[in-house]
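**Q** Right, I'll just put the structure down here and ask away after.
The values are calculated or read from the model by the stated rules, or taken from the named source; none is laboratory data. On a predicted model such as this, the values are computed, not experimentally measured, just so you know. No Cβ is skipped: glycine too gets one built from the backbone with ideal geometry, and neighbour counts run over all protein chains shown. Accessible surface areas use protein heavy atoms only, side chains included; no ligands, DNA or RNA. Shrake-Rupley method; radii C 1.70, N 1.55, O 1.52, S 1.80 Å.
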Amino acid sequence: MTQHSLVWRAYFLIFLISRVHSWSLNKILMTGPKFGILTENATLLMSLSSSHKGYGLFMDSIGRGAQRATQECQYQFQWERWNCDITSAQLMQSEQPRATKETAYVQAITSAGVMYDLTRQCSSGFYNVCSCDGSKQGERGGYDWNWGGCSDNVKVGEKAAKKLLDTLVTKRDGTAAMHLHNNMAGRKAVTKTMRFVCKCHGITGSCSLRTCWKELSKFRKIGRYIKRKYHHALQLDWNEKMKDENDPRRRSLFPVLPGSSMIYIEKSPNYCKANKTLGIPGTMNRQCSRRHKTRKVPRSERRSCRNVCRECGYRVQKTTVEILSTCNCKFKWCCKVNCDTCVVYEDRYHCVK
Amino acid sequence: MAGVVLENLSWKKLIILGVFLLVLLITFFLVGGLVAPKPSNVVTVLGTKCYDNGKKLNRSKWFVSRGIHKCEELQNLDPTDEMIVNKSITEKQVVFSFWLPGPRGGEERKMTPLFQNMLAVLQVDIEHSDKVPLSKNPVLQLDVRLGARDEGDDEDDWKQIASSVEDRNLQCTLEKGKGEGYLYDCELLQLFELGSISNHYYLVNIRLPVNFLKGYNVGIGKVVDISIHLIHQNGGFTIVWMSMKSVLFVMVLSLLIWFWRRIMQLGRPPNLLERTLFSLGVVMSILDCPIELLQLGVDIPFMLLLNDIRQGAFYAMLMSFWVIFAGEHIMDQTERNRLSLYWKHLSAIIFGSICLFVFDMCERGIQLKNPFFSIWVTSAGTKLALAFIILAGIAAGCYFLFLCYMIFCVMKNISAKKASLPTMSQLRRKYYLGVIYRFRFLMMATLVCAACTVVFFIMSQLNEGEWRWGDEDLSLEFTSAFFTGVFGMWNIYVCGLLSLYAPSHKTVVEIDSADGSTEENVQLTQLPTTPSETSALQALTSKAAQD
């Protein structure tokens with residue numbers, strides 16, 4: 001019975017996407033913090049991708065991209081007041097899409113995640129969307145494969161991600177404009193963090209012949225880059241006049257802003273105190289870190305107890321817990337790991353009243 | 001040496017010729033920059049992790065990453081993954097499969113012989129985990145097979161090209177303070193190099209066999225993904241390059257014939273410099289000869305090696321020419337015109353060339369047998385390769401010291417001669433002025449060409465690097481322009497030498513009509529001369545007598 005309803009729900013979703021032209025996805029993506037739903041549905045849809053190729057291709061990528069983005073977001077905001085708990089049930093209740101800085105981060109990292117996944121898919125070779133346009137820019141038609149090869153996988157990923165996510169934004173207001181811009185910021189984060197790799201292959205291996213290409217950097221680095229942009233996000237003064245005169249779907253709406261900067265409209269709410277109507281759980285009972293400075297600890301983690309607990313008016317309570325952990329592991333590639341179980345005592349810090 | 005065309009050419013004609021050659025050079029540069037695409041293209045293919053469900057290790061089976069014979073794919077290799085646990089998959093059952101090149105726009109792309117050659121490098125993604133750290137200097141052992149298939153063939157009909165078990169040293173670093181799940185930054189590993197492309201599709205299957213006793217693949221950490229970067233020459237670049245080579249080949253060859261006929265007309269055996277210049281022309285035309293075109297019809301795997309040899313021969317010949325040219329213009333008392341006088345310089349060149357040749361044979365020669373071979377992967381091989389390269393470097397250093405010394409001698413003599421020029425007779429002054437002019441002209445031309453090469457090279461390297469020229473939409477392909485421009489420039493250099501340093505008819509006529517012997521004898525008795533000048537003059541008169 002449950003199996004049946006699951007399949008039915010999935011078909012309904014496909015129907016929705018095809019009919020209403022991405023109404024649901026739009027909604028989900030627009031509201032940022034609610035995109036946990038998307039991950040859920042997309043994983044559901046993955047199984048159907050073989051029978052419905054057209055949607056499956058995109059759904060797979062959106063699903064995996066969003067999943068990757070969620071993980072990254074939660075990692076990056078582990079020690080912040082807003083801890084990117086975008087899958088929590090309370091948040092989904094809030095109907096109003098809030099155009100805050102945090103939403104901007106989620107939008108950007110989702111866009112980056114989808115682009116990252118599309119690029120990877122393009123590389124792994126079973127992706128039909130991966131087109132072959134000329135690698136030479138500024139020339140109509142470009143080259144064909146035999147003449148000058150196809151364009152970079154990353155460029156293809158960027159294009160596809162733009163097409164995919166930007167067409168989902170159908171509204172024409174401030175939030176939509178912000179969403180589009182943050183999508184771009186996410187894509188730019190992927191391209192700007194790319195690594196440049198070269199290989200020399202001239203006569204006797206010398207560098208008289210050298211070929212270089214750009215390579216996706218690790219997603220963690222992208223997440224960190226976007227977080228830096230989040231700290232320097234710009235607040236946009238949106239007024240209704242702009243809506244009438246300009247088409248917010250165009251990139252040139254914010255020509256003065258650099259493409260990689262993030263924008264938001266509303267001020268962030270106070271994440272310290274729980275607020276049911278806004279769906280904020282508050283920082284009460286949250287964990288913070290007092291890791292010793294033996295290793296290089298990131299700033300947000302070092303400041304976490306002050307930032308998450310004390311500045312919110314809570315006390316930090318230390319508890320020592322006994323945890324069973326694995327140790328003395330012996331690993332055999334690919335898939336076998338034999339470990340002993342050890343008991344470790346760990347200090348934990350929580351925010352309490 | 002008798003008078004050459006250069007000395008008897010009027011300024012007007014010289015400038016016209018210079019402008020013509022300059023225009024030619026700019027044309028080559030622009031053809032490379034505007035018509036040709038980038039010299040090479042990179043295709044990145046992420047490996048598909050195939051599950052080999054056979055009970056026994058079956059090395060003859062191909063695992064294909066897509067199409068109707070697609071293998072059973074593993075989503076990830078995590079020890080906790082459901083499929084891995086359920087089927088208790090071991091490393092023997094995991095095959096990384098790569099179908100080269102990747103599909104684009106919904107259809108399979110084919111390799112063509114136009115791509116000339118391809119080089120595959122491996123990128124290994126290793127996830128960091130405190131529990132399974134990377135050992136010190138880990139060695140990755142790859143059990144690798146390369147197969148190929150054509151478009152019309154049966155989808156399952158992959159023919160094996162090569163198979164080997166190869167060791168590669170992993171060099172990975174991790175950013176400080178990064179924890180679980182971070183990926184190491186690993187250096188690229190060379191996988192294989194093919195000197196000819198005769199099939200449409202290539203398939204690479206890689207296994208990582210683990211053997212605790214022998215220590216294979218033990219400390220390699222959590223290898224989660226492997227991708228291949230395939231570098232191949234672009235078809236468009238091949239076409240442009242071949243057309244350019246054909247044009248240059250015809251040009252150099254016709255000039256060479258003209259040059260030789262000029263010498264034949266002299267009615268005397270050609271002197272050393274003329275013979276050297278002729279050989280330079282011959283080597284240049286061999287380098288220009290577009291034999292790569294044969295690859296479009298026939299499979300020639302040794303083309304890379306042949307190209308290296310042709311290029312090396314040209315460099316060696318050019319260096320020999322410089323030395324002999326400088327030597328023949330020293331203007332001291334020694335009677336030169338003999339190759340044996342240059343044995344020091346030439347042996348340095350030959351020694352250096354042989355070193356590089358042996359090295360190249362070790363690398364590309366063995367690659368003909370085993371495309372996965374690379375001399376750099378083993379420490380002994382690296383030492384050997386470095387030894388050859390260092391020896392070649394020392395030889396090159398010696399050569400340049402000799403050459404610089406020789407040029408220094410020439411310069412010294414030139415200034416000495418210049419000081420005494422006004423006191424000389426008409427004929428001798430003309431002779432020395434001619435020698436000085438010829439030398440200076442070649443020196444200038446050579447320096448300009450060398451400087452241009454260096455500047456272009458640096459520019460192309462910078463342009464390739466992270467620092468780019470202006471806009472990304474810039475439609476000038478600088479790397480291609482560099483190759484066509486520099487190649488064209490050295491061709492033009494050789495052409496210029498062949499045409500300007502060919503023996504001049506005018507001089508021959510003048511000397512014949514000058515009623516030389518008596519006049520020179522008179523001059524000899526009239527002028528107080530230093531010994532060196534006398535001997536030089538004697539050389540001149542003897543040559544005149546020969547004529």
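**Q** Every residue in segment A:301-353 that is assigned to a loop (DSSP other than H, G, I, E, B) and within 14 Å of chain B (Cβ to nearest Cβ), please. Spell out how you get there, then give the answer.
**A** Initially, segment A:301-353 is screened for residues assigned to a loop (DSSP other than H, G, I, E, B), giving A:303, A:313-314, A:333-335, A:353.
A:333, A:334, A:335 - these are the residues of segment A:301-353 that are assigned to a loop (DSSP other than H, G, I, E, B) and within 14 Å of chain B (Cβ to nearest Cβ).
**Q** Is it true that residue B:156 is touching a residue at least 60 places away in the same chain (Cβ under 8 Å) and in contact with a Ser or Thr (Cβ under 8 Å, 6 or more places away or on another chain)? Step through it out loud before you land on a result.
**A** Details: touching a residue at least 60 places away in the same chain (Cβ under 8 Å): yes; in contact with a Ser or Thr (Cβ under 8 Å, 6 or more places away or on another chain): no.
Against the criterion (touching a residue at least 60 places away in the same chain (Cβ under 8 Å) and in contact with a Ser or Thr (Cβ under 8 Å, 6 or more places away or on another chain)), residue B:156 does not qualify.
**Q** OK, next. Give all pairs with beta carbons closer than 8 Å in which a residue from segment B:251-272 that is in the same structural domain as residue B:336 (by TED's automatic domain parsing) meets a residue that is loosely packed, with under 13 Cβ neighbours inside 10 Å; count only pairs at least 6 apart in sequence or on separate chains.
**A** The qualifying pairs are B:268/B:546; B:272/B:338.
**Q** Is segment A:77-89 home to any residue that is modelled with pLDDT of 85 or more and within 26 Å of residue A:214 (Cβ to Cβ)?
**A** No, because not a single residue in segment A:77-89 is modelled with pLDDT of 85 or more and within 26 Å of residue A:214 (Cβ to Cβ).
**Q** Can you find a residue that is modelled with pLDDT of 90 or more and among the hydrophobic types (A, V, I, L, M, F, W, C) anywhere in segment B:78-93?
**A** For segment B:78-93, residues modelled with pLDDT of 90 or more and among the hydrophobic types (A, V, I, L, M, F, W, C): absent.
Quick grid of which residues meet (1) hydrophobic (A, V, I, L, M, F, W, C); (2) within 18 Å of the chain's Cα centre (by Cα):
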| residue | (1), (2) |
| --- | --- |
| B:369 | no, no |
| B:395 | yes, no |
| B:402 | yes, no |
| B:432 | no, no |
| B:436 | yes, no |
| B:458 | yes, yes |
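**Q** Hey, another quick one. Quick check on residue B:35: is it farther than 21 Å from residue B:481 by Cβ and at pLDDT 85 or above? First the steps, then the outcome.
**A** On the way: farther than 21 Å from residue B:481 by Cβ: no; at pLDDT 85 or above: yes.
So residue B:35 fails the test.
**Q** Please pick out the residue among B:327, B:267, B:312 that is part of a helix (DSSP H, G or I) and either open to solvent by less than 20 Å² (accessible area, probe 1.4 Å) or over 21 Å from residue B:393 (Cα atoms) (or both). Break it down into steps so the answer makes sense when it comes.
**A** Numbers: B:267 fails: part of a helix (DSSP H, G or I); B:312 fails: either open to solvent by less than 20 Å² (accessible area, probe 1.4 Å) or over 21 Å from residue B:393 (Cα atoms) (or both).
It is B:327.
**Q** Let me ask you something else. Quick check: is even one residue across segment A:178-196 more than 12 Å from chain B (Cβ to nearest Cβ), touching a residue at least 12 places away in the same chain (Cβ under 8 Å) and of a type in the set (Phe, Trp, Tyr)?
**A** Applying the first criterion (more than 12 Å from chain B (Cβ to nearest Cβ)) to segment A:178-196 yields A:178-190, A:193.
Now drop any that are not touching a residue at least 12 places away in the same chain (Cβ under 8 Å), which leaves A:178-190, A:193.
Pick out the ones that are also of a type in the set (Phe, Trp, Tyr) and you get none.
Taking every residue of segment A:178-196 in turn, none turns out to be more than 12 Å from chain B (Cβ to nearest Cβ), touching a residue at least 12 places away in the same chain (Cβ under 8 Å) and of a type in the set (Phe, Trp, Tyr).
**Q** Tell me, please, whether a residue that is within 14 Å of another protein chain (Cβ to nearest Cβ) and surrounded by fewer than 17 Cβ atoms within 10 Å (Cβ to Cβ) can be found in segment B:331-345.
**A** no
**Q** Could you identify the single residue in B:208, B:194 that is in contact with a Leu (Cβ under 7 Å, 6 or more places away or on another chain) and either open to solvent by 10 Å² or more (accessible area, probe 1.4 Å) or facing chain A (nearest Cβ under 8 Å) (or both)? Working first, answer last.
**A** On the way: B:194 fails: in contact with a Leu (Cβ under 7 Å, 6 or more places away or on another chain).
From the options B:208, B:194, the qualifying one is B:208.
**Q** Residue under question is residue B:376, and the condition is that it be farther than 30 Å from residue B:160 by Cα and either open to solvent by 60 Å² or more (accessible area, probe 1.4 Å) or not assigned by TED's automatic domain parsing to the domain that holds residue B:170 (or both); does it hold?
**A** Values: farther than 30 Å from residue B:160 by Cα: no; either open to solvent by 60 Å² or more (accessible area, probe 1.4 Å) or not assigned by TED's automatic domain parsing to the domain that holds residue B:170 (or both): yes.
No; evaluated as a whole, the condition is false for this residue.
**Q** Any residue at all in segment B:222-245 that is more than 14 Å from every other protein chain (Cβ to nearest Cβ), of a type outside the set (Lys, Arg) and open to solvent by 60 Å² or more (accessible area, probe 1.4 Å)? Let's see the steps before the verdict.
**A** Keep residues of segment B:222-245 that are more than 14 Å from every other protein chain (Cβ to nearest Cβ), which gives B:244-245.
Adding the requirement that they be of a type outside the set (Lys, Arg) leaves B:244.
Going one step further and asking which of them are open to solvent by 60 Å² or more (accessible area, probe 1.4 Å), we end up with none.
Checking segment B:222-245: not a single residue is more than 14 Å from every other protein chain (Cβ to nearest Cβ), of a type outside the set (Lys, Arg) and open to solvent by 60 Å² or more (accessible area, probe 1.4 Å).
**Q** Just give me the residues in segment A:300-353 being in contact with a Pro (Cβ under 8 Å, 6 or more places away or on another chain) and among the β-branched types (Val, Ile, Thr), in sequence order.
**A** A:337
**Q** Among the listed residues B:175, B:180, which satisfies the condition of being open to solvent by 20 Å² or more (accessible area, probe 1.4 Å) and within 10 Å of chain A (Cβ to nearest Cβ)?
**A** On the way: B:180 fails: within 10 Å of chain A (Cβ to nearest Cβ).
Exactly one residue qualifies, and that residue is B:175.
**Q** Among B:107, B:72, which is the only one that is assigned by TED's automatic domain parsing to the domain that holds residue B:195, closer than 28 Å to residue B:232 by Cα and surrounded by fewer than 21 Cβ atoms within 10 Å (Cβ to Cβ)? Can you show your working first?
**A** On the way: B:72 fails: closer than 28 Å to residue B:232 by Cα.
So the residue among B:107, B:72 that is assigned by TED's automatic domain parsing to the domain that holds residue B:195, closer than 28 Å to residue B:232 by Cα and surrounded by fewer than 21 Cβ atoms within 10 Å (Cβ to Cβ) is B:107.
**Q** How many residues are in contact with a strand residue (DSSP E or B) (Cβ under 9 Å, 6 or more places away or on another chain) and either under 10 Å from residue A:350 (Cβ atoms) or in a strand (DSSP E or B) (or both) when one looks only at segment A:264-282?
**A** Looking only at that region, the number is 1.
**Q** Out of all the residues in segment A:171-224, which are modelled with pLDDT of 85 or more, in contact with a Ser or Thr (Cβ under 6 Å, 6 or more places away or on another chain) and within 30 Å of residue B:392 (Cβ to Cβ)?
**A** A:199, A:211
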